[in-house]
Structures are given as C-alpha cells and as structure tokens.
Amino acid sequence: MIRSLLEDTAARACTYLEGLDSRPVAPEPAAVAALDALDGTLPEGATDPRAVLALLDRYASPATIAEAGPRFFGFVMGGALPVALAANWLASAWDQNTGLYNITPATARLEQTALRWLLELLELPRECAGAFVTGANVANFVGLAAARHAVLARVGWNVEADGLFGAPPITVVVGAEAHPTLVKSLGLLGLGRTRVTRVPVDAQGRLRVDALPAVSGPTIACLQVGNVNTGACDAVAAVRERVGRDVWIHVDGAFGLWARAAPSRKHLLHGIEAADSWATDAHKWLNVPYDSGLAFVREADALRAAMAITADYLPTASAWRNPSDYTPELSRRARGVDIWAVLRSLGRAGVGGMIERNCLQARRFAQGLSAAGFEVLNEVALNQVLVAFGDAQRTQRVIAALQAEGTCWCGVTVWQERTAMRISVCSWATTDADVERSIDAIQRVAAGTR
C-alpha cells in the first residue's frame, strides 16, 4: 500500500513539474473556483488514500501559482532544485524530530556538516553556531535573541531568567528601509516595533553610515544585505568602524547573503564578517523547498543561552551539539538535510554559478526593458529590478495585465514614493530563453495597456 501510494504521488508530482513551462504562471480563475470541491463537511468514514491524493491533484494542482517554474518573478522565491526536492521527500519518510543528537544522530550530523559547509561557502567566522529554522523572520528572531542576551549580559542582566521588566534599556538602530519581518522580530522579542532609531538611507536604500547616531550602553544595530526592492547592501564594515566593537551588529541577509558565494558579487558584501549575527533564507537563493531559514551567531554561548531547553526526560548529554539548543523549537523537521544535499550536489562552484546566472539575468531584464523605453528605477546590484511604465496607475495596470496574460508573473511595489513592477530573479530553473520570453511579454502587454 505504501509503495503504491508513494509511486502514485511521485508520478503526479513529476507530471505537475513537467507541465509548469507550458501553463500560465498564475492559476486560471476557474481552477481557483473549483477549490470548493475540497471543502464541505468532515467525512464520517474513511476514504481510500489514493482517492484522497487524486482529489488533491485534480483540484489543488491547477489552482497553484507556478512558483516552482522558471518565470515566477513576483517575490524573492527560489524553486526547488531536483536534488533538494528528492532529499526533502526522503527526510520526510525518515520523519526524524531533529532536536537531540542521541535520538536522531543521522539528521543532527547532517545538519552539523551543512552548517560547517555554509560557513565556508559564505566566508563567515568558523566559530559561529547556527540554527535551522522556518525562514528569515524566525532567523532574525534567533539572531536578535542572541543579541539581546549578549548586550544585557555585558551589563550584568540575565534576560532569560529575569525578563525585560527593569532591565537596562537597549538601543536598537535600523535603516529606514529595514524589512518588515525584522521589525516584527523586534516586536516579538519585546524590543518594540516603533521604539527604534531609524537611520536615513541613500538613493538605493542603503543605510547612510554618516547618519548613524552616537550610541552608548546596550545597543543592537540591524543592517541588511539585499534590499527587498533594489538588492542594495549596507556597508557592514564601515558601520563596524563607526560604532566600535561594543555594538552588536545583526545582518538581515534574507537573499543577499548568498551573493557572498558569487565571485563577481561578493565585493558588495565586503566586511560582512565583522557582524555578530546573520539571517538568511535557504528557500530563496539556495533553492530548497519551503520552509528553510538559517541563523548564524558568532558567539555560540549567546545563542545557546537564548535558545537552550532541558527537562529530566530529555537525553541531552552528547558529544555532539543538540540542534534544539540553538533553535526556538524542540520539535521540528530535519531542514538541514535538503541544504546538505544541495551543497553536496552543486559544490561551491555550482552555488556561485547559480547566483551569478540570476544576477546576469536581472541585468538583462533591466537592459531589455530600458531599451524598450521603460524606466528602470534602481541600480541592478543583484537580482532585483524595479520598472515603471509611467505614472502609478498605468504601472499598476501593466502589472495586472501581465499577471493575467500568464507568460510570467511580476509583482507591484512602492519604493521611495514610486510605484513599480518588481522583478525578482531567484530560480535555478530560469533560463536565458525564459528571460527573453518574459521581456517580450512585458513589452507586448505594456504596449497594449494605456
């Protein structure tokens, strides 16, 4: 029964993936409306598992947006490399709750190896501890939790034991274009979403080092590499020089951190190793399945102090690190297996080549659309392109028409008071031919939209 069901699943999944190139990127309205077939009252009795799978495939598959395909540019979302998808399936079959080494040695070891490889690939301090989490939102939370612990411990306050009531105040500095998930993480940690010092940014969204305020006492400075609109990167080394060693620097590198692996782009992240913690998404530019985020923290003891858990019934004594000592969860899937598989499959050169290719494709988008007479608003530093088609209303109409046309899918944004189409090139599956096909579609749709 299990073999038959899983073979049926694999066949359906292959058919779905093989059809992505020939279907509209967005689902047809009729397919979305047909999802009602999956609703209804809770069944009283059992349904054959194969019939359940057939229902899912018949109604849900056509109603998905083709994020796994080669022409989804709406958000910074990678597809799933075949080896990552296969490893994900195998890890799901293992069903390992990867919290304690003594219970799940295979997946705990794989994650330790993947972490070491990631530090080598991204050229981060080798002494860093790491956490495999759901995404950059939680990765930011983890890094900032370690920061909160460290800056308060330096002034004699144990925040995990005593909380924030009566604690010395922490100054938090962020750029004016910090990502909302970082701000959400500050709120979750009790540091406040609006109780921050916002620093002006330059014309590309980079934090202005010259505008940093003088700070004293416990302080966390939050920087970003990979502005979500422009791809621009804050000058981490210059900020470190300006604020000194006593300030904890946290870097939100949800997608931009991966540029460190690309030989022609890594200069944009010069000095990033001077930070204290870093957050990124593997389900973005490393192209593993959802969900997969990563936090790295230079001071392993600070991360462990913020996250560790113990109980009498847990076999925590081990010669190897217990993953649950570094993540918010005790129970979680073995996310690191997918990452290990990609790194083992592609190697340093393969990961770097994937990043380089997407950056070149983004430049081609900018070149082609600029040559067609449309306004490219940003310097294309990485994989993000902002395009305006006139005023805000016309730009929005062009985007809506393109999404309905189906060749590719790009989103809308408002950046520095300009409404723009945002093109994010982030998938291993995107070919140069996909880029040219998409440029042609954008030009054709824009020409027919007034």
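Laboratory data are not the source of any read-out in this text; all were calculated from the coordinates shown. Model, not experiment: these values are computed from the prediction. We place every Cβ from the backbone using ideal geometry, glycine too, and count neighbours over all the protein chains shown.
Since Q384 meets every condition but one in (1) touching a residue at least 12 places away in the same chain (Cβ under 8 Å); (2) surrounded by fewer than 24 Cβ atoms within 10 Å (Cβ to Cβ); (3) at negative phi, which condition does it not meet?
All conditions are met except number (2).
Take the residues of segment 358-373 that are in contact (Cβ under 8 Å) with a residue 60 or more places away in the chain and assigned to a helix (DSSP H, G or I): which is nearest to V83 (Cα to Cα)?
Within segment 358-373, the match that is nearest to V83 (Cα to Cα) is N358.
Any residue at all in segment 412-419 that is of a type outside the set (D, E), touching a helix residue (DSSP H, G or I) at 6+ places or on another chain (Cβ under 7 Å), assigned to a loop (DSSP other than H, G, I, E, B) and touching a residue at least 12 places away in the same chain (Cβ under 8 Å)?
Within segment 412-419, not a single residue is of a type outside the set (D, E), touching a helix residue (DSSP H, G or I) at 6+ places or on another chain (Cβ under 7 Å), assigned to a loop (DSSP other than H, G, I, E, B) and touching a residue at least 12 places away in the same chain (Cβ under 8 Å).
I'd like to know if segment 240-256 contains one or more residues that are closer than 21 Å to T413 by Cβ, aliphatic (A, V, I, L, M) and surrounded by fewer than 24 Cβ atoms within 10 Å (Cβ to Cβ).
no
Filtering segment 328-337 down to residues that are out of contact with any Leu (no Cβ under 8 Å at 6 or more places or on another chain) and either among the acidic types (D, E) or surrounded by 24 or more Cβ atoms within 10 Å (Cβ to Cβ) (or both), which residue is farthest from A87 (Cα to Cα)?
Only one residue fits best here, namely E329.
So G231 fits all but one of (1) at positive phi; (2) touching a residue at least 12 places away in the same chain (Cβ under 8 Å); (3) surrounded by fewer than 24 Cβ atoms within 10 Å (Cβ to Cβ); what number is the exception?
In the conditions (1) at positive phi; (2) touching a residue at least 12 places away in the same chain (Cβ under 8 Å); (3) surrounded by fewer than 24 Cβ atoms within 10 Å (Cβ to Cβ), G231 misses (3) alone.
Take the residues in segment 257-267 that are assigned to a helix (DSSP H, G or I) and surrounded by fewer than 20 Cβ atoms within 10 Å (Cβ to Cβ), then tell me which one is nearest to the chain's Cα centre (by Cα).
K266
Kindly list, by first and then second residue, each pair from a residue in segment 25-48 that is loosely packed, with under 10 Cβ neighbours inside 10 Å to a residue that is hydroxyl-bearing (S, T, Y), limited to pairs with Cβ atoms under 9 Å and residues at least 6 apart or on different chains.
Hits for this filter: D36/Y59.
Within segment 272-297, how many residues turn out to be under 19 Å from A237 (Cβ atoms) and either without any contact (Cβ under 8 Å) to a residue 12 or more places away in the chain or surrounded by fewer than 23 Cβ atoms within 10 Å (Cβ to Cβ) (or both)?
Residues in segment 272-297 being under 19 Å from A237 (Cβ atoms) and either without any contact (Cβ under 8 Å) to a residue 12 or more places away in the chain or surrounded by fewer than 23 Cβ atoms within 10 Å (Cβ to Cβ) (or both): 2 in total.
Specify the residue that is surrounded by the most Cβ atoms within 10 Å (Cβ to Cβ); the eligible residues are those in segment 145-192 that are under 21 Å from G226 (Cα atoms) and free of Cβ contacts under 8 Å to residues at least 40 places away in the same chain.
Looking at residues that are under 21 Å from G226 (Cα atoms) and free of Cβ contacts under 8 Å to residues at least 40 places away in the same chain, I get V183.
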